[in-house]
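Colleague: Handing you a structure now.
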Amino acid sequence: MNPGLGGAGGVGGGGYCIGGTGTTVGLLTSDVGISYQLFRGATLVATLAGTGTTLDFGLQTVVGTYTVVGTNVATGCVSNMTGSATIFTNPLPLAFVVSGGGAYCSGGAGLVINLSGSEVGVNYQLYNGLVPTGLSIAGTGSPISFPAQTASGSYTVIATNATTTCVSNMTGSATIVINPLPVVYNVTGGGSYCAGGTGVHVRLSGSDAGIDYQLYLGGVPTGIILSGTGAALDFGLQTTAGTYTVEATNVATTCINNMSGSVNVSIDPLPNVYTVTSFGATNYCAGGAGIPVFLTNSDLGINYQLYLNGLAVGSAVAGTGGILPFGAQLGAGTYTVVATNTVTTCTEN
């Protein structure tokens with residue numbers, strides 16, 4: 001009788017992810033002079049000659065139970081190898097839709113990326129381009145959201161089954177764009193003006209087309225919005241005292257930025273009004289000493305100029321805080337006085 005064949009055990013098999021390359025089926029040992037045939041059920045899959053070492057029948061992708069039969073080439077004796085290898089496929093994670101993203105203004109909180117659904121037992125990793133961002137999120141059986149993302153780019157999601165490690169790309173992507181803030185220019189102008197005057201200008205050192213500029217007084221918008229021209233802007237004469245700032249808004253993106261600095265507008269009071277008098281005397285005899293002219297009161301820091309019929313008489317006289325004499329006047333006509341603050345230059349009749 002012909003001797004029987006040894007029963008070398010089969011190895012390999014197991015599950016693989018749908019769309020994968022399959023899984024290996026082989027024998028732990030083999031003998032020279034023996035031909036080994038791999039069967040899937042009753043179907044012959046492959047034949048390999050024994051080598052005296054392990055045999056590898058390669059990657060198998062068809063689901064089923066695999067066995068090996070050995071045949072002695074010289075004697076024709078046949079023997080079934082011990083055991084079997086079963087191949088099965090693991091499903092990929094379900095594909096859900098990536099959404100969210102959009103555009104936001106530089107310096108903002110960013111935007112959320114969403115996934116239309118999820119599965120329990122599947123982990124979801126967000127990617128910006130090829131780079132993973134943040135920690136993976138475990139599926140809940142419901143839609144999930146990833147934290148707000150601040151980096152620009154195209155975001156995708158890859159799902160991994162925590163048990164089988166099968167991986168699937170989720171459908172679609174979400175893009176995040178960062179819109180720049182309006183360019184910062186300097187607020188200029190401002191200053192002080194005399195009460196009753198026309199005010200002072202508030203300006204912006206530059207501007208850009210497509211940007212609207214709003215003047216603010218103490219945090220409250222004032223006046224009309226000015227459209228950027230590519231040059232400096234003038235918000236006109238401002239008469240209300242306070243602190244002025246400017247805010248710029250991009251018309252297309254609605255991104256807002258504060259312009260640099262602020263200016264103050266203040267109103268300087270006019271000198272106090274007192275009465276020009278000669279204490280009753282209005283004429284004198286030709287050749288006489290004339291008539292003294294006085295101001296009924298005066299203030300320190302104020303200079304008082306006497307005028308006769310609109311023409312200055314002598315030099316300005318500094319206020320004393322009391323009655324101010326201009327001396328005896330000889331010229332006939334009407335005498336008036338103009339007061340000037342020596343610091344602010346504000347004048348009053």
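Colleague: Quickly work out the L130-to-S145 label distance, labels modelled 7 Å from Cα along the C-beta direction, and quote it in nm with one decimal.
Modeller: 3.2
Colleague: Give the accessible area for F326 in Å² (nearest 10); use a 1.4 Å probe, count only protein heavy atoms, and leave out ligands, DNA and RNA.
Modeller: F326 exposes around 30 Å² with every protein chain in place.
Colleague: I've got another one for you. By the gyration tensor of its Cα atoms, with a ≥ b ≥ c the square roots of the eigenvalues, what is the shape of segment 192-310: rounded for a/c under 1.5, prolate for a/b over b/c, or oblate?
Modeller: Details: a/c = 5.62, a/b = 3.95, b/c = 1.42.
Prolate is the answer for segment 192-310, as a/c is 1.5 or above and a/b outweighs b/c.
Colleague: What number comes out for accessible area per residue over the chain if the probe is 1.4 Å? Units Å², please. Walk me through the numbers on the way to the answer.
Modeller: On the way: 17920 Å² over 349 residues.
Here the residues of the chain average 51 Å² of exposed surface.
Colleague: Share of the chain's accessible area from carbon and sulfur, percent, 1.4 Å? If you can, show how the numbers build up before the last one.
Modeller: On the way: 10320 of 17920 Å².
Solvent-exposed carbon and sulfur of the chain make up 58 percent of the total.
Colleague: Counting only residues 5 or more places away or on other chains, whose amide H sits under 5 Å from the amide H of G100 once H atoms are built in the peptide plane?
Modeller: N114
Colleague: Looking at the chain, what % of its DSSP beta bridges pair antiparallel, to the nearest 5? If you can, show how the numbers build up before the last one.
Modeller: On the way: 94 of 108 bridges.
Looking only at bridges with both residues in the chain, the antiparallel portion is about 85 percent.
Colleague: For the pair A241 and S227, how long in nm is the line joining their label points, each one 7 Å along Cα→Cβ?
Modeller: Result: 3.8 nm between the two label points.
Colleague: Residues with amide H under 5 Å of V11's amide H, sequence separation 5 or more or different chain, H placed in the peptide plane at 1.01 Å from N; which?
Modeller: When sequence neighbours closer than 5 places are left aside, the close amide H contacts are G26, L27, L28.
Colleague: Now for a different question. Figure the gain on full extension for D212 and A42 (residue separation times 0.36 nm, minus the Cα-Cα span) and round it to one decimal in nm. Don't jump to the answer; show the numbers that get you there.
Modeller: Details: separation 170, 0.36 × 170 = 61.20 nm, distance 8.01 nm.
Between D212 and A42, full extension yields 53.2 nm more.
Colleague: Also, quick follow-up: Among rounded, prolate and oblate, which fits the chain when a ≥ b ≥ c are the square roots of the eigenvalues of its C-alpha gyration tensor, a/c under 1.5 means rounded, and a/b larger than b/c means prolate? List each step's numbers first, then the result.
Modeller: Numbers: a/c = 7.77, a/b = 7.43, b/c = 1.05.
Judged from the Cα gyration tensor, the chain comes out prolate (a/c at least 1.5, a/b above b/c).
Colleague: I need the shape label for segment 248-349. Rule: rounded when a/c is under 1.5, else prolate if a/b > b/c, else oblate, with a, b, c from the alpha carbon gyration tensor.
Modeller: On the way: a/c = 4.98, a/b = 3.61, b/c = 1.38.
It is prolate, given that a/c is not under 1.5 and a/b is the larger ratio.
Colleague: Another question, if that's okay. Multiplying the sequence separation of Y307 and I256 by 0.36 nm and subtracting their Cα-Cα distance, what value in nm do you get?
Modeller: Working: separation 51, 0.36 × 51 = 18.36 nm, distance 5.62 nm.
Result for the pair: 12.7 nm of gain on full extension.
Colleague: Add +1 for every Lys or Arg and -1 for every Asp or Glu among the other residues with Cβ under 12 Å from the Cβ of S227, and state the total.
Modeller: -2
Colleague: Right, next: May I ask for the distance between the Cα centers of segment 101-150 and segment 233-276, given as a whole number of Å?
Modeller: Here the two parts' Cα centres lie 45 Å apart.
Colleague: How much FRET efficiency would the formula 1/(1 + (r/R0)^6) give for T175 and V11, where r is the Cβ-Cβ distance and R0 is 41 Å, rounded to 0.05?
Modeller: 0.30
The values are calculated or read from the model by the stated rules, or taken from the named source; none is laboratory data. Nothing here was measured: the structure is a model prediction, and the numbers come from that model. Note that each Cβ is placed from the backbone with ideal geometry, even for glycine, and that neighbours are counted across all protein chains shown. Areas reflect the complete protein model, heavy atoms only, side chains present, ligands, DNA and RNA absent. Shrake-Rupley method; radii C 1.70, N 1.55, O 1.52, S 1.80 Å.
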